[in-house]
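A short reminder: the numbers here are calculations on the coordinates, not readings from a lab. Remember, it's a predicted structure, so these values are computed and weren't measured experimentally. For neighbour counting, all protein chains shown are included, and Cβ atoms are generated from backbone atoms with ideal geometry for every residue, glycine included.
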Ligand code: WT7
């Protein structure tokens, strides 16, 4: 965390007081149907987290049972030691011997409107074909495969095919630039890249293959690129390196026995932003990850056989891994998948999808909810949303106003809302209501789930009293926790296990109220949360200083009605370069090109100097206040040159 931060600066906000008990009709038939029942689960989890998770693990199929539930030598955890299993078997094969065989596994809708349904049997076949295609390209157990695809069923197919043969997938969000893709491919040394000719977004084709071609110019580890035909866009095919997906699978056998893998075998690497410029490759392994994603899917979403479950996240984010692919498929759910933009071609697209596919569980992000709310109630009201029975949110704190709108306008007042707190690193939901058991308070993720030891503590690791701000930590290992930062064990230790002695530090500030409920106060490191997506201030800054006109840059988050946080940057220019509106636009584009459109700054301010401490560190805390248009509070005695600050504030007024 930034050294300029201290506990006193974790401000404690005034919060919504109202509490909403689970709707009676829902609670009556819920898996966990009262506060007392949750209490019993919590007690079991507290008494022995290992026994608790062991019972959850028995719901999966293992080809060899584990010998010990947990090996914990901080900060190394091994769950279900020496057990063997395969994630694709748990998500597919095991459903084929019963009535789920012909059940829809994925119901997909493309942005242009076409639909496709894959039953478990069909999905299994596609996965086997593609797994054999990968083998044909020389992919073996332990190899890394980068997946850069739109939201189409083949994204899940590619992931599960890797899992089937023990290859490690690394999905890169299709909105990331060629440069970001290149850095991620090189960091992991991926052998194969799986992509498409394009994907649909807001009525236009996103040219993914072009980005792969650009990236692959400087990716020596890549020996093959697989290209799926999605949009029929003209693409360049590099003979010898590039292969059409349909040609490879046409030749492949549909028989692909799954590798029995060690419980700790790597399942995937997923890159996320941290407080330095270099994204971290978060490594998740097989057994523990699958146990906890399956348990949370079943219990947090109260999943039923007949549900149509829609998590709107892209597979490029962890939510898409845990709650579009692994958790729900391990539970044998029917998963709805939608390719495109939420309001395309009209603001009612989501509600139209809910109505036509009779979606019963909807899991989405507060930023999307705010955008829908702003677009007007009429778009939702024009559709029959009576199929919905449960709503969920993830990614950032939800403001009470958006929460109530979600509950009333989308949920018709009858659906419980689960506000789920977790991270790329945690792999699965850790803090959340159980919808039939936990009274919700708008803006609070409520309580740690059974078997999870989350707490709010001070720097020394002591729990803080109710109402006081502190650091959100997890005191004991949990099955789906990250195992390391790919290629950087040091960073794993120092980032997560060294800041608060003996505990996992989340990077979030939080407080608990008198009922023990958790209220997330936001990141306290140099990480931004823009529309539920994580960006590092350093990443944006290093992109900016890569521009020939920029001498120095500081990026901060500014409160934003729709995005939660927006990117605001302060830039000093090199001698001889003058500020201009054109340069502003150029710099915004420059950042979008370097990282991806999600990182495009909402605001750029030119300045002749940035406020720094005497040791030369940029005081982002002050810049945050300036960006938010607030009066500067707190200690400025370490500021090198007070006049810088005065000038920055004047700039804003002028
Ligand atoms: C950060 C993790 C987990 C999938 C999406 C984001 C914030 C996440 C909540 C919530 C308040 C939340 C935290 C966290 N966050 N969920 N329900 N309430 N804040 O994954 O990119 O790894 O970001 O998102 O700050 O640390 P991620």
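What nm distance separates the two modelled labels at residue 221 and residue 462, each placed 7 Å from Cα along Cα→Cβ?
With each label point 7 Å from Cα toward Cβ, the separation is 4.6 nm.
Would you kindly compute the Cα radius of gyration of the stretch 358-425 and its largest Cα-Cα separation (Dmax), both in Å?
11.7, 39
Please compute the contact order of the stretch 527-653 in relative form: average sequence separation of alpha-carbon pairs under 8 Å and at least six residues apart, divided by the residue count, as a percent.
With pairs under 8 Å counted, the relative contact order is 21 percent.
For the stretch 484-540 and the stretch 593-629, write down the distance between their C-alpha centroids in whole Å.
The distance from the Cα centre of the stretch 484-540 to that of the stretch 593-629 comes to 20 Å.
Give, to the nearest whole percent, the P(r) tail of the stretch 166-308 beyond 25 angstrom, counting all Cα pairs.
44
What order do you get for 547, 124 when you list them from fewest to most C-beta neighbours inside 10 Å?
Sorted ascending by nearby Cβ count, the order is 547, 124.
State the antiparallel share, in %, of DSSP beta bridges confined to the stretch 527-653, rounding to the nearest 5.
80
Take the alpha-carbon centre of the stretch 109-134, take the same for the stretch 168-229, and report the distance between them in whole Å.
Measuring centre to centre over Cα atoms gives 20 Å.
Going 7 Å from the Cα of residue 46 toward and past its Cβ, which residues in the stretch 441-467 have a backbone nitrogen under 16 Å from where you end up?
Taking a point 7 Å out along Cα→Cβ of residue 46, the residues of the stretch 441-467 whose backbone N falls under 16 Å are 447-456, 463-464, 466.
Ranked by Cβ crowding within 10 angstrom, fewest neighbours first, how are 38, 76 ordered?
Arranged by neighbour count, lowest to highest, 38, 76 become 76, 38.
Return the percentage of antiparallel bridges among DSSP beta bridges fully within the stretch 143-242, rounded to the nearest 5 %.
For the stretch 143-242, the DSSP antiparallel bridge percentage is about 20.
Run the numbers for residue 305 and residue 246: contour at 0.36 nm per residue of separation, minus the present Cα-Cα distance, in nm.
Stretched out fully, the residue 305 to residue 246 stretch lengthens by 18.0 nm.
Over the chain, what is the percentage of antiparallel beta bridges among all DSSP beta bridges, to the nearest 5?
60
Taking the Cβ-Cβ separation of residue 561 and residue 358 as r and a Förster radius of 22 Å, what is the calculated FRET efficiency to the nearest 0.05?
So the FRET efficiency works out to roughly 0.10.
To one decimal place, what orientation-averaged projected area in nm² is obtained for the convex hull of the Cα set of the chain?
28.0
Residue 82 versus residue 617, label points 7 Å from Cα toward the beta carbon: distance in nm?
Roughly 4.7 nm, to one decimal.
Run the simple label-point estimate for residue 102 and residue 515 please: 7 Å along Cα→C-beta, distance reported in nm.
4.7
Assuming 0.36 nm per residue, please report the length gained on full extension of the stretch residue 210 to residue 116 beyond their Cα-Cα distance.
31.2 nm
On a full-extension model of 0.36 nm per residue, what is the gain between residue 488 and residue 55, subtracting their alpha-carbon distance, rounded to one decimal in nm?
Going from the current span to full extension adds 152.6 nm.
So what's the back-of-envelope 222 nm ellipticity for the chain, counting only DSSP H runs of four-plus at -39500 (n - 2.57) apiece and dividing by all residues, rounded to 500?
Only helices count here, giving -8500 deg cm²/dmol.
I'd like the per residue volume of the convex hull spanned by the Cα atoms of the stretch 281-356, given in cubic angstrom.
Spelled out: Cα convex hull of the stretch 281-356, divided by residues, is 96 Å³.
Taking the Cβ of each residue in 246, 357 as the centre, tally the other Cβ atoms inside 10 Å and list the residues starting with the fewest.
Fewest to most other Cβ atoms nearby, the residues stand as 246, 357.
What whole number of Å gives the distance from the Cα centroid of the stretch 434-483 to the Cα centroid of the stretch 322-382?
Cα centroid of the stretch 322-382 versus Cα centroid of the stretch 434-483: 28 Å apart.
Provide, in order from the shortest bin, the percent of all Cα-Cα pairs of the stretch 527-653 in each 10 Å bin, continuing until the bin that contains the maximum pair distance.
Spelled out per bin, shortest first, that is 13, 46, 35, 6.
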